[in-house]
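The values are calculated or read from the model by the stated rules, or taken from the named source; none is laboratory data. Remember, predicted model here, so these are calculated numbers, not experimental data. Note that we place each Cβ from the backbone using ideal geometry, even for glycine, and neighbour counts take in every protein chain shown. Areas reflect the complete protein model, heavy atoms only, side chains present, ligands, DNA and RNA absent. Shrake-Rupley method; radii C 1.70, N 1.55, O 1.52, S 1.80 Å.
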Amino acid sequence: MNDGSPFSSPLLDQVGGFVDGAWILAEVRPCFVVTDPANGEVLAYVPELGAAEARAAVEAARAALSRVGSLAERRGWLTRIAELLTEHADELAMIITRENGKPLGEARGEVLYAAGFYAHAATSAEHLVPRVLDERPRGLTWTVHHRPAGVVGLITPWNFPLAMLAKKLSAALAAGCAAVVKPAEVTPLTCVAFFRLLERVGLPRGLVNLVAGDAQAIGEVLCSHPAVRVLSFTGSTAVGRKLAAQAAPHLKRLSLELGGNAPCLVFEDADLDATVEALVANKLRAAGQTCVCTNRVLAHASIADALATKLASRVAALVVGPGTEPNVDVGPLIDGRGWDKVHDHVEDAVERGASVVGGALADRPTETDGWFFRPMVLSGVPLDARCMQAETFGPLLPIATFTTEDEAMAIANDVDAGLAAYVFTADGARAERVARGLRFGHVGLGTATGPTPEAPFGGMGASGYGREGGLEGLMEYVEIQTVPSS
Ligand code: ADP
């Protein structure tokens, strides 16, 4: 991979797909290019795989099902994966930063976060032991078995190239499934490096396969191949809908973690300094490109100006630059399309009457400049502005106001998405009341942190269905079989 490339990593000595225990490398096929969003540098040429390789991967995974180990053996694999990730956190973090753009500290945090999912799955797999039930009147017992669902297709996005896969694959392996993984084309290298580490775990051949390339062609195979029983996808609502439609005739079980439009409700009694710290950490992680990033700040009218001023001065102090440089808080956006969307959302809101209170619009950079976007704060944003209606996926903090608790909840719920929401108030009873009224799968009360391995996470409404993390996340990959015995 390193012929003339400015980027090398011991974990990227082979770059390609991985099917049935063998690497598919670039020698003869067309490749796609992976670039660094901070400067446009070419990081790697990756073989573009398609339907044929996806089918081969599914077949390899199907064959590997007969080689899936015992529960104890699987728990050993998961523990080993967590160890390997932790041991190689720095190398993996550098790969994440180069292809995704996020600052190295955040990237390292992602590696350890991913390791946590494998470590947790090793523990929670204990719930998969058969459960014996008594049927008293007839003196029967029933055994409830947790059988592996089978071959699973895992399609992941670019904003957490390691962690989003960890959420899915940890549960799938714990359950005894075999997997075909399709990473996002803009960030496949982290996944390639991870597969180099997986080779050291000693998994059965074909149990875990990697196919990067033609998303549509690979997606069609994963949706239609009879051996695939579960399809787990994290990405946009548009692609999620398409996959659901494609998979419907084949009755596959789907787990969809789609876009959010997270509201952050700030009541008049909230500690504004603490709220600003939590909000900035939540909003500017991955430069605002996560589905749990606050998209809409909804502030009580009496404190909205004070909140805007504090937020503006806090974001002004942030360092924006290449994620590889020390002290950088906010890296580049993933690409020009992402940059244009944030720019468009700011222009649209200002045209509709919003005021810029932090940051300023800059000229469009080129790819070699890097897709940097200084965080901006807008106040007085009308609810029909695009940045209130759709996920901006960038470092924009738009503030709208409310005057009553009911109005705050109504505005928060008045979107199709229902993934994450946050509530800041000093009144515990109100926090509980508001959480109960919010149609979001994850509600932070006085905190804006994201999901953890221990807790189920997922959406309501157009944010999808299914859960990741916790026992519920494990059960997505399990078929229940009940066997009566006398
Ligand atoms: P984004 O717009 O944030 O890139 P996407 O939903 O397009 O989000 O991408 C998330 C994942 O879905 C990526 O791995 C991408 O390659 C994949 N993907 C995109 N289109 C399709 C498709 N038609 N079928 C299957 N996977 C797809």
Checklist entry - Which sequence of 465, 113 reflects their accessible areas, 1.4 Å probe, from the largest down? => result 465, 113
Checklist entry - Given the C-alpha centroids of the stretch 183-205 and the stretch 14-31, what is the distance between them in whole angstrom? => result 12 Å
Checklist entry - What lysines could a cross-link reach from residue 242, if we take a straight Cα to Cα line under 21 Å and drop same-chain neighbours fewer than 8 places away? => result 168, 182, 252
Item to check | Length-normalised contact order of the stretch 262-452 in % [C-alpha pairs under 8 Å, at least 6 apart] | outcome: 30 percent
Checklist entry - Once every DSSP H run of n ≥ 4 in the chain is given -39500 (n - 2.57) and the sum is divided by its residues, what mean residue ellipticity at 222 nm do you get, rounded to the nearest 500 deg cm²/dmol? => result -11500 deg cm²/dmol
Item to check | Distance from the stretch 107-157 to the stretch 221-271 (C-alpha centre basis), Å | outcome: 21 Å
Checklist entry - If you rank 253, 131, 98 by how much accessible surface each has, with a 1.4 Å probe, what is the order from largest down? => result 131, 253, 98
Item to check | In nm, spacing of pseudo-spin labels at residue 360 and residue 389 (7 Å Cα→C-beta vector) | outcome: 3.0 nm
Item to check | At R0 = 60 Å, FRET efficiency that the Cβ-Cβ distance of residue 309 and residue 127 yields, to 0.05 | outcome: 0.75
Next on the checklist: For a quick check: with amide H placed at 1.01 Å from N, whose amide H comes under 5 Å from residue 421's, ignoring anything fewer than 5 positions away on the same chain?
Outcome noted: 442, 443, 444
Checklist outcome for this item: Computed from the beta carbon distance with a Förster radius of 22 Å, FRET efficiency for residue 200 and residue 20 to the nearest 0.05 stands at 0.80
Checklist outcome for this item: Under 5 Å from the placed amide H of residue 24, counting only residues 5+ away or on other chains, we find 17, 18, 19
Checklist outcome for this item: Once all protein chains are kept in place, residue 45 shows an accessible area at probe 1.4 Å, nearest 10 Å², of 140 Å²
Checklist entry - For residue 435 and residue 301, FRET efficiency with R0 = 22 Å and r from the beta-carbon atoms, rounded to 0.05? => result 0.50
Checklist entry - Using unit Cβ charges (K, R positive; D, E negative) and no other charged atoms, how large, in debye to the nearest 20, is the dipole of the stretch 262-452 about its Cα centre? => result 260 debye
Checklist entry - With a Cα-only, solvent-free Debye model of the chain, what are the log10 I(q)/I(0) values at q = 0.05, 0.07 Å⁻¹? => result -0.19, -0.38
Checklist outcome for this item: The Rg/Rh figure for the stretch 261-346, Cα atoms and Kirkwood Rh, to two decimals is 0.99
Checklist entry - Counting every Cα pair in the stretch 262-452, what percent are over 29 Å apart? => result 16 percent
Next on the checklist: Compute the helix-to-body angle for 71-87: its Cα long axis versus the longest principal axis of the chain, expressed 0 to 90° and rounded to tens.
Outcome noted: 40 degrees
Next on the checklist: I need the phi-derived Karplus couplings for the stretch 51-64: 6.51 cos²θ - 1.76 cosθ + 1.60, θ = phi - 60°, integer Hz, Gly and Pro marked x.
Outcome noted: 4, 4, 5, 5, 5, 4, 5, 5, 5, 4, 5, 4, 5, 6
Checklist entry - Pulled fully out, how much extra length does the chain show between residue 27 and residue 413, if you take 0.36 nm times their separation in residues and subtract their Cα-Cα distance? => result 133.8 nm
Checklist outcome for this item: Sorted by chain and number, the residues with a modelled amide H under 5 Å from that of residue 41, at a separation of 5 or more or across chains, are 36
Checklist outcome for this item: Taking the dipole of the chain about the Cα centre (Lys, Arg +1; Asp, Glu -1; charges at Cβ), the one of 331, 442, 382 that reaches farthest to the positive side is 442
Next on the checklist: Taking the Cα centroid of the stretch 435-486 and of the stretch 309-365, what is the distance between the two, rounded to the nearest whole Å?
Outcome noted: 32 Å
Checklist entry - If you rank 99, 53 by how much accessible surface each has, with a 1.4 Å probe, what is the order from largest down? => result 53, 99
Item to check | Nearest-ten-degree value, helix 428-437 long axis tilted from longest Cα axis of the chain | outcome: 60 degrees
Checklist entry - For residue 238 and residue 42 in one chain, what is 0.36 nm times their gap in residues minus the Cα-Cα distance, to one decimal in nm? => result 67.7 nm
Checklist outcome for this item: With every protein chain in place, the accessible area of residue 341 for a 1.4 Å probe, in Å² rounded to the nearest 10, comes to 80 Å²
Item to check | Selection from 66, 116, 238, by position along the positive dipole direction of the chain (Cβ) | outcome: 66
Item to check | Alpha-carbon spread of the stretch 38-92, three principal axes, descending order, Å | outcome: 47, 35, 11
Next on the checklist: Straight-line reach only, C-alpha to C-alpha below 19 angstrom: list the lysines that residue 102 could link to, leaving out same-chain residues fewer than 8 apart.
Outcome noted: 283, 341
Item to check | Distance (nanometres) between label positions extended 7 Å along Cα→Cβ at residue 274 and residue 319 | outcome: 2.9 nm
Checklist entry - Pairing the Cα long axis of helix 189-198 with the longest principal axis of the chain, what angle in degrees results, from 0 to 90 and rounded to the nearest 10? => result 40 degrees
Item to check | Heavy atoms of residue 285: accessible area, 1.4 Å probe, square angstrom to 10 | outcome: 80 Å²
Checklist entry - With N residues in the stretch 349-436, what two-decimal value do you get for its Cα radius of gyration over 2.2 N^0.38 Å? => result 1.31
Item to check | Dipole magnitude of the chain about its Cα centre (Cβ charges: Lys, Arg +1; Asp, Glu -1), debye to nearest 20 | outcome: 1700 debye
Item to check | Fully extended contour minus Cα-Cα distance, from residue 13 to residue 404, at 0.36 nm per residue | outcome: 134.9 nm
Item to check | In order through the stretch 232-244: 3J(HN,Hα) via Karplus (6.51 cos²θ - 1.76 cosθ + 1.60), integer Hz, x for Gly, Pro | outcome: 10, 9, 10, x, 6, 5, 4, 5, x, 4, 5, 5, 4
